[in-house]
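What follows draws every value from the coordinates through simple rules; no lab data is involved. Remember, predicted model here, so these are calculated numbers, not experimental data. So basically every Cβ, Gly included, is an ideal-geometry build from the backbone, and we count neighbours across all protein chains shown.
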Amino acid sequence: MLCLGIESSCDETALALVEDGRLLGSVLASQADVHALFGGVVPELASREHYRCIGPLFDELMRRCRRSGTDITLVSVARGPGLLGSLLVGVAFAKGLALGLGARFLGLNHLHTHLLAVGLEQELTFPCLGLLVSGGHTHIYRMEAPWRCQPLGRTLDDAAGEAFDKVGKLLGLTYPGGRLMDALARAGRADAGLFPRPYLDNDNLDFSFSGLKTAVASYMERRLDGGWPHPLRRVEDAPQALRDCCASFNLAVVDTLCVKVSRALDRQPDLRALIVAGGVAANSLLRERMEELMRRRGGKLLTPSPLLCTDNAAMTAYAGWLLGRAGFQHDLSMETIPRGRAVPDDMVCRAEHPQSGETA
Ligand code: KG4
Ligand code: ZN
């Protein structure tokens, strides 16, 4: 089965082909430079860029993989959550292709595709715990099967990546700030008492990161003189005090994520594996700490290599292949789901017995 994956939920236009569980090739056009001028993603510009790039990217992918459109059996696409205008470009393109080529069609939850991406590199084991930490979302799931993810907790305000990006903006780093903050943190000394570990004094699995941003703003006002180039692009240009501040912030976020993941695993002792995915899963300290946490528990950490953590279409094509193989699909009336609305479980299963005997 040859599955095309299309991703356009935010500011990356990406397409990839997966055949028999193996990645044949992928292409990606990032809009980071367009939005960096504004310090955040501008939705109208994002959809225009997707519209401009998606056709030529499809042609390039086919040429690189030496395949033609008629070889495609399934067209899978991120249907949400995301920016509505951006999603619509990918979904409309996917529906048109499926219709024109006579291929099956499947719309995917973008968050689930992040979690399943690691299957391209390591064997997935179910049931497992899933931590999704991206620019727009922070969720904890119990995952019974690739098509069954039960939400256990989520952020009540800023997502983990959003916290990195907003603090990055505050500190004058280039947008999005997460990756540079990671590098600055590695060059700094963390003070564990400097910033709070927010929203732990409760009994739930939810997060709240917005207060952390306020704590950094107030620290900055009192203790940092802002004497570095704005926007800051390189670790070498950062004074030690800024590096230390980033290390302390980074540690506060990672500690918080570790506490809630441990709590979730304590409550679900049958889960022996943890998937950590999404852009923030590229964070080096988070990877080290989650690895250690699972080692101590005698379980296994599954996390995609950093390039597969941020938005890409290899994850969309792979998740499409997994679910398509189990018999799932949509008809062309499938809806696109913007950020803030839950993605419905409305896939139709054509197979009598999807792999684990479950239905969507
Ligand atoms: O998953 P993703 O590409 O987009 C969404 O679906 O939201 O995640 C992007 C987010 C951004 O907030 C970015 O700053 C963050 O991931 N990020 C990182 C790192 N690399 C990317 N955050 C912390 N450490 C990193 N190394
Ligand atoms: Zn994403």
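Couple of notes before you dig in:
- DSSP beta bridges fully contained in the chain are about 60 percent antiparallel.
- Extension gain for GLN122-ASP266 works out to 49.4 nm (0.36 nm per residue, less the C-alpha to C-alpha distance).
- Magnitude of the charge dipole, the chain, Cβ model with Lys/Arg +1 and Asp/Glu -1, debye to 20: 380 debye
- 22 Å Cα-Cα threshold exceeded, pairs from LYS213/LYS260; LYS169/LYS213; LYS260/LYS300: none
- Relative contact order %, the chain, counting alpha carbon pairs below 8 Å whose residues are six or more apart: 24 percent
- By DSSP, the beta bridges lying fully in the range 122-303 are antiparallel in about 55 percent of cases.
- For the chain, the residue among PHE38, LEU257, GLY327 whose Cα projects farthest onto the positive side of the dipole built from Cβ charges is LEU257.
- Compared with the direct C-alpha span, the chain from ARG222 to SER333 gains 34.4 nm at full extension, assuming 0.36 nm per residue.
- Folded to 0 to 90 degrees: helix 240-267 orientation relative to the chain principal axis, Cα: 50 degrees
- When the square roots of the Cα gyration tensor eigenvalues are ordered a ≥ b ≥ c, the ratio a/c for the range 220-276 is 1.5 or more and a/b exceeds b/c, which makes its shape prolate.
- Packing-based exposure ordering (other Cβ within 10 Å, fewest first) of ASP157, ASP346: ASP346, ASP157
- Fluctuation leader among GLU123, GLU12, GLU335 - the chain, Gaussian network, Cα springs under 10 angstrom: GLU123
- With Cα atoms, 0 to 90° folded angle of helix 210-223 axis to the chain main axis: 30 degrees
- Straight-line reach from LYS166: taking Cα to Cα under 16 Å and skipping same-chain neighbours fewer than 8 places apart, the aspartates and glutamates in range are ASP157, ASP158, ASP182, GLU221.
- Peptide packing: for 170-176, 133-139, 222-228, 18-24, the average count of neighbouring Cβ atoms within 10 Å per residue gives the ranking 133-139, 170-176, 18-24, 222-228, highest mean first.
- Axis of helix 284-296 versus longest Cα principal axis of the chain: the two differ by about 80°, to the nearest ten degrees.
- Under 5 Å between amide hydrogens, built in the peptide plane, is the criterion, and for LEU24 it picks out LEU17, VAL18, GLU19 among residues at least 5 positions away or on other chains.
- Per-peptide average of other Cβ atoms within 10 Å, ordering 61-72, 229-240 highest first: 61-72, 229-240
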